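Notes follow the structure.
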Amino acid sequence: MGTPSQNIHFIAIGGSIMHNLAIALKKKGHHVTGSDDEIFEPSKTRLSVNGLLPDKEGWDANRITTELDAVILGMHARENNPELKKAQELGLKIYSFPDYIYEQSIDKQRIVIAGSHGKTTITSIVMHVLKYYNRHFDYAVGARIAGFEDMVQLSDAPIIVIEGDEYLSSPIDRTPKFLKYHHHIGLISGVSWDHINVFPSEDEYVRQFDLFADATPKAGTLIYSEDDSLGTVIGSKEREDVVELPYKTHAHIIEDGVTYLTNGNENIPVKLFGKHNLQNISGAMEILKRIGISTDQFYLAIQSFKGADKRLELIGEKKGVSIYKDYAHAPSKVKATTLAVKEQYPARDLVACLELHTFSSLNKEFLSQYKGTMKYCNVPIVFYSPSTLEHKMMDAITKEDIKKSFGESNLNVFDDKEEMLNFIKSQKWENKNLLMMTSGTFNGLDYKALPDMLN
């Protein structure tokens, strides 16, 4: 891109996508610094390896000087952050993450994948296939993907593939991230109310996706899942000179625990499974067809795709028991993920454990949205940490609140990690699978130890 080296400071550098952008910019030759009041793994190690780990945690306004060319502000910071205040006082250029990505890709074809669920997997599939055929492209994605060292790349590539999040751009910019990218090709995988702390009503949440669809430019493309009712209402609305492409669950069969895509008389084995992932595959294929990847090329490349990190990730097997972890936390994701495992292994009972960790999932008013989401589990478990509620400064909830909201008579609720693990250990692990779902950590659960816990 030919830009000279700049001095760039990250406020809240420890975020999942923020630290990856910091690493990408350092690799481009920029001088990068950062700060944060808490940094967790794997961000901490990756920042350290790349020489970007702050020498101390916390905020320090003295880090902000007139020598900085840009400040990139992460969502973890607050409006009264002392470093932000200093940058504002000095009149420095302050970017949100999406603002910066857009500026760096203004001359590229921008492909943005949006949706309440599935966007990470669709973005990851598109990236995998493009890399398989040695296409030159940039990207920004919210999860680690096999074959990619980082989650952000900025170069002189002609296209960029972006996972488009509907969450706010920064503490001082309440615009949803995906509206900042100004897509040429946009995809909506599905719409299901989330982020109640930002979008207090379903109508307000859905409206953001309508705005995203309406932002598709003339001669642009809008792709949407016709298996999703809200996505279809939004995607099928007539827009002048916009190509609208619906997709649906890919035709498939399941044999001996393996999912095959069917294409005429051909059966193509894939490592993904579940109806939602078969929809994701179709969505990714539609994007790739728009940028020159044929159907035959797609079917060849998809066979080696192992999935994005923490998305129905197989973490162990023992004596016929498969253990999966998944990033599922919103109601629609929980229901889709549990159904996927149950359909893939219909002869096995499913023990599924969900951690309530997000602002929405821990909100007493939102909990009712989880009603019926664990009906496919033989042994449903919900875990929450009172300390997480305190840290997020939220009202307390009780086990009875959770049981009433989920509506499952056999639901097991725990607020102590060891009690939860003892309950899991006590199960008779014959002809069963274990599924762990969270956007958190289950209070530092060691997933690698799970297989040895099962009798």
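Quick note: the coordinates plus some simple rules give every number you see, no bench work behind them. Predicted model only: the values in this text are computed from it and were never measured. Counting neighbours? That spans all protein chains shown, and the Cβs are built from the backbone with ideal geometry, glycine included.
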At 222 nm, what value in deg cm²/dmol follows for the chain if DSSP H runs of at least 4 each add -39500 (n - 2.57) and the sum is divided by all its residues, to the nearest 500? -8500 deg cm²/dmol
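Mind ordering 337-347, 283-293, 414-424, 249-259 by average Cβ neighbours within 10 Å, highest first? The partial results should precede the final answer.
Details: 337-347: 18.3, 283-293: 20.7, 414-424: 16.0, 249-259: 13.8.
Packing order, densest peptide first, comes out as 283-293, 337-347, 414-424, 249-259.
From the gyration tensor of the Cα coordinates in region 7-92, what semi-axes in whole Å does the equivalent ellipsoid have, largest first, with each one equal to sqrt(5λ)? Kindly include the intermediate steps, with their values, before the conclusion.
On the way: eigenvalues 75, 44, 21 Å².
So the equivalent ellipsoid measures 19, 15, 10 Å along its semi-axes.
Among 27-38, 439-450, what's the highest-first ranking by average C-beta atoms within 10 angstrom per residue?
Numbers: 27-38: 17.7, 439-450: 14.5.
For the peptides 27-38, 439-450, the packing ranking is 27-38, 439-450.
Antiparallel versus total DSSP beta bridges in the chain: what percent is that, nearest 5?
Numbers: 20 of 72 bridges.
Among the beta bridges of the chain, antiparallel pairing accounts for roughly 30 percent.
May I ask you to order 233-242, 305-314 by the average number of other C-beta atoms within 10 Å around their residues, highest value first?
Numbers: 233-242: 14.4, 305-314: 20.0.
For the peptides 233-242, 305-314, the packing ranking is 305-314, 233-242.
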In nm, the gap between the two label points placed 7 Å beyond Cα toward Cβ at Ser5 and Ala251 is 5.7
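How much of the DSSP beta bridge set in region 353-455 is antiparallel, as a percent to the nearest 5?
Working: 0 of 9 bridges.
Percent antiparallel among DSSP bridges in region 353-455 is about 0.
Share of antiparallel DSSP beta bridges in region 100-302, in percent to the nearest 5?
Working: 13 of 34 bridges.
Around 40 percent of the beta bridges assigned by DSSP in region 100-302 are antiparallel ones.
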Each label point is 7 Å from the Cα along the Cα-to-Cβ direction; what then is the distance between the points at Gln109 and Thr45, in nm? 3.8
Compare the Cα positions of Ser368, Ile302, His195 along the charge dipole of the chain (+1 at Cβ of Lys, Arg; -1 at Cβ of Asp, Glu; about the Cα centre) and return the one farthest towards the positive end. Ile302
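Based only on Cα atoms, what mean projected area does the convex hull of the chain have, in nm²?
Numbers: hull surface 87.4 nm².
Over every viewing direction, the Cα hull of the chain projects on average to 21.8 nm².
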Run the dipole for the chain about the Cα centre, Lys and Arg Cβ at +1, Asp and Glu Cβ at -1, nothing else charged, and hand back the magnitude in debye, nearest 20. 800
What's the percent breakdown of Cα-Cα distances in region 294-366 across 10 Å bins, shortest bin first? 16, 38, 30, 14, 3
Cα convex hull of region 313-453: how many Å³ per residue? 95
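Taking neighbour counts of Cβ atoms within 10 Å as a proxy for exposure, in what order, fewest first, do Thr66, Thr120 appear?
Working: Thr66 7, Thr120 24.
Sorted ascending by nearby Cβ count, the order is Thr66, Thr120.
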Please report, in whole Å³, the volume per residue of the convex hull around the C-alpha atoms of region 26-163. 134
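Find the relative contact order for the chain and round it to a whole percent, using C-alpha pairs within less than 8 Å whose residues are 6+ positions apart.
Worked out over the chain, it gives 11 percent.
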Please work out how much length the chain gains when fully extended from Ser201 to Asn431, using 0.36 nm per residue of separation minus the C-alpha to C-alpha distance, in nm with one decimal. 78.6 nm
Any idea how far the Cα center of region 390-455 sits from the one of region 1-62, in Å? 34
When the charge dipole of the chain is computed with +1 on Lys and Arg Cβ and -1 on Asp and Glu Cβ about the Cα centre, the Cα farthest towards its positive end, among Leu73, Gly58, Gln427, belongs to Gln427
Can you give me the distance in nm between label points at Ser294 and Tyr167, each placed 7 Å from the Cα along the Cα-to-Cβ direction? 4.1
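To two decimal places, what compactness ratio does region 117-185 give when its Cα radius of gyration is scaled by 2.2 N^0.38 Å? Mind showing how you got there, number by number?
Numbers: Rg = 12.7 Å, N = 69, 2.2 N^0.38 = 11.0 Å.
That ratio works out to 1.15.
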